[in-house]
Amino acid sequence: MTAVAACGLSMQAGAQDLESLNYPANTRSLAMGGTEMASKADGTTIMANPAAMALMNNRLLVQANYMGIRPDSQMRNFGNAAAAFSFGRHRFAVSVYGQYSSGTRHIESDIMGNPLGYFTPYEYTVGAGFAARIIKGLAIGVNAKMISAVRMSDRWLANYPDYANAYAFAADLSVAYTILGIRASASINNIGTPVKYSRYEGNKGNSLPTAVRLGIGYGNKWGKHSFDAGIQGDYLIFADEYYGGVGAEYGFDDLVFVRGGYHHNGNSVNTLPQYASVGLGFHFTTIIDINIDAAYMIPVGNSEALNNFKNTFMVSLGFVF
């Protein structure tokens, strides 16, 4: 009996753990179909594509995002925050970031079915990144992170010392290139140690959701009008699953932005389900630049996984210096 099953948590057949590591990095990405790899360095997109940091035009950017998911789904809350700093005439950049998600509150029971009390499972990630511009328009980057998955309470573990909450260490590697408004990026994300909930010798644990991700985007401005679009494809290595998205953004006077996208889910149970998305963004320039974004996810289909994400929204607040 696995620790996850023993503490009353359920997972879909074939699902890997920690699938939220591959959720869209921020609100703008969600509104554009989950295409952060096709985006410029935009707040927490650097958590998926660290190389983009070395190509940003700003000295410092900070962003926080929150995703609200329907109360009866397996995951209820998801949020992250990141800060990136460029130096050396924008040739180098560093970042720090964190991510948190929580599941549904439930009653834990022992092996005999006796209730032990309420518990809310959660997971968090903390990390740092570095990026360097090799030549004009070309950069490489790396993230290093520590991941914690808390699936069982201390009182449950006191009854079953052969199990433990899990920790893992992982890295992301990416390369990004931009020329004449065209952007191209590639990465491999979540390369790391397995997630182990058992103390038994020889237990190999669960593989992290390691993903290969490719994105192509284009952006330009014409007077007060701007346009940005991107397409992305992802492949989960250990699960042999694929998914991807396409999205676009129209901006007026660098003040208001309207976004839309579509996320295709080929055969994956380890990421967000198939959905369409819409969003708005507002950019205010004072002493610093302030970005406020909102996105709404529209699941496409009738499966239980799709129903779990009805009425999902995401909001963000960002500052650019």
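The values are calculated or read from the model by the stated rules, or taken from the named source; none is laboratory data. These figures come from a predicted structure and were not determined experimentally. Cβ atoms come from the backbone with ideal geometry, glycine included; neighbour counts cover every protein chain shown. Note: areas computed on protein heavy atoms with side chains; ligands, DNA, RNA excluded. Shrake-Rupley method; radii C 1.70, N 1.55, O 1.52, S 1.80 Å.
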Return the pair list, or none, for Cβ contacts closer than 6 Å from residues in region 234-245 that are over 10 Å from His263 (Cβ atoms) and of a type in the set (Asp, Glu) to residues that are open to solvent by 60 Å² or more (accessible area, probe 1.4 Å) and assigned to a loop (DSSP other than H, G, I, E, B), at least 6 apart or on different chains. Glu241/Asn267
Members of region 149-180 that are under 18 Å from Ser39 (Cβ atoms) and not in a strand (DSSP E or B): Leu180
From the list Phe282, Phe252, exactly one residue is within 26 Å of Leu317 (Cβ to Cβ), without any contact (Cβ under 8 Å) to a residue 40 or more places away in the chain and in contact with an Asp or Glu (Cβ under 8 Å, 6 or more places away or on another chain). Which is it? Phe282
Filter result for Thr193 (open to solvent by 30 Å² or more (accessible area, probe 1.4 Å), without any contact (Cβ under 8 Å) to a residue 60 or more places away in the chain and under 27 Å from Gly233 (Cα atoms)): yes
Every residue in region 284-321 that is small (Gly, Ala, Ser) and more than 16 Å from Gln63 (Cα to Cα), please. Gly301, Ser303, Ala305
Can you name the residue in region 275-299 that is open to solvent by 40 Å² or more (accessible area, probe 1.4 Å) and in contact with a helix residue (DSSP H, G or I) (Cβ under 7 Å, 6 or more places away or on another chain) and, of all such residues, is nearest to Ser101 (Cα to Cα)? Ala294
If we keep just the residues of region 230-244 that are of a type in the set (A, V, I, L, M) and not in a strand (DSSP E or B), which is least open to solvent (accessible area, probe 1.4 Å)? Ala239
Of the conditions (1) under 27 Å from Ala132 (Cβ atoms); (2) open to solvent by less than 30 Å² (accessible area, probe 1.4 Å); (3) modelled with pLDDT of 95 or more, Thr27 satisfies every one except a single condition; which number is it? (1)
Going through (1) within 19 Å of the chain's Cα centre (by Cα); (2) over 26 Å from Ile135 (Cβ atoms); (3) not charged (D, E, K, R) one by one, Ile191 fails only at (2)
Of the residues that sit in region 300-321 and are open to solvent by 80 Å² or more (accessible area, probe 1.4 Å) and of a type in the set (S, T, N, Q), which one is farthest from Ala248 (Cα to Cα)? Asn302
In region 162-190, the residues that are β-branched (Val, Ile, Thr), within 21 Å of Ile237 (Cβ to Cβ) and touching a helix residue (DSSP H, G or I) at 6+ places or on another chain (Cβ under 7 Å): Val175
Go through the residues of region 199-206 one by one and say whether even a single one is of a type outside the set (A, V, I, L, M), closer than 22 Å to Tyr124 by Cα and surrounded by 14 or more Cβ atoms within 10 Å (Cβ to Cβ). yes
Given region 47-148, what strands (runs of 3 or more DSSP E) lie entirely inside it while holding 1 or more residues that are more than 22 Å from Pro24 (Cα to Cα), open to solvent by 10 Å² or more (accessible area, probe 1.4 Å) and at pLDDT below 95? 106-109, 115-119
Tally time: how many residues in region 181-229 are under 30 Å from Tyr160 (Cβ atoms), of a type in the set (A, V, I, L, M) and assigned to a strand (DSSP E or B)? 1
What number of residues within region 158-170 are touching a Gly at 6+ places or on another chain (Cβ under 7 Å) and open to solvent by 30 Å² or more (accessible area, probe 1.4 Å)? 1
Report the residue count in region 4-24 for those that are part of a loop (DSSP other than H, G, I, E, B) and either among the charged types (D, E, K, R) or modelled with pLDDT under 90 (or both). 11
Those residues of region 255-274 which are out of contact with any His (no Cβ under 9 Å at 6 or more places or on another chain), open to solvent by 40 Å² or more (accessible area, probe 1.4 Å) and either within 16 Å of Gly34 (Cβ to Cβ) or in a loop (DSSP other than H, G, I, E, B) (or both) amount to Tyr262, His264, Asn267, Val269
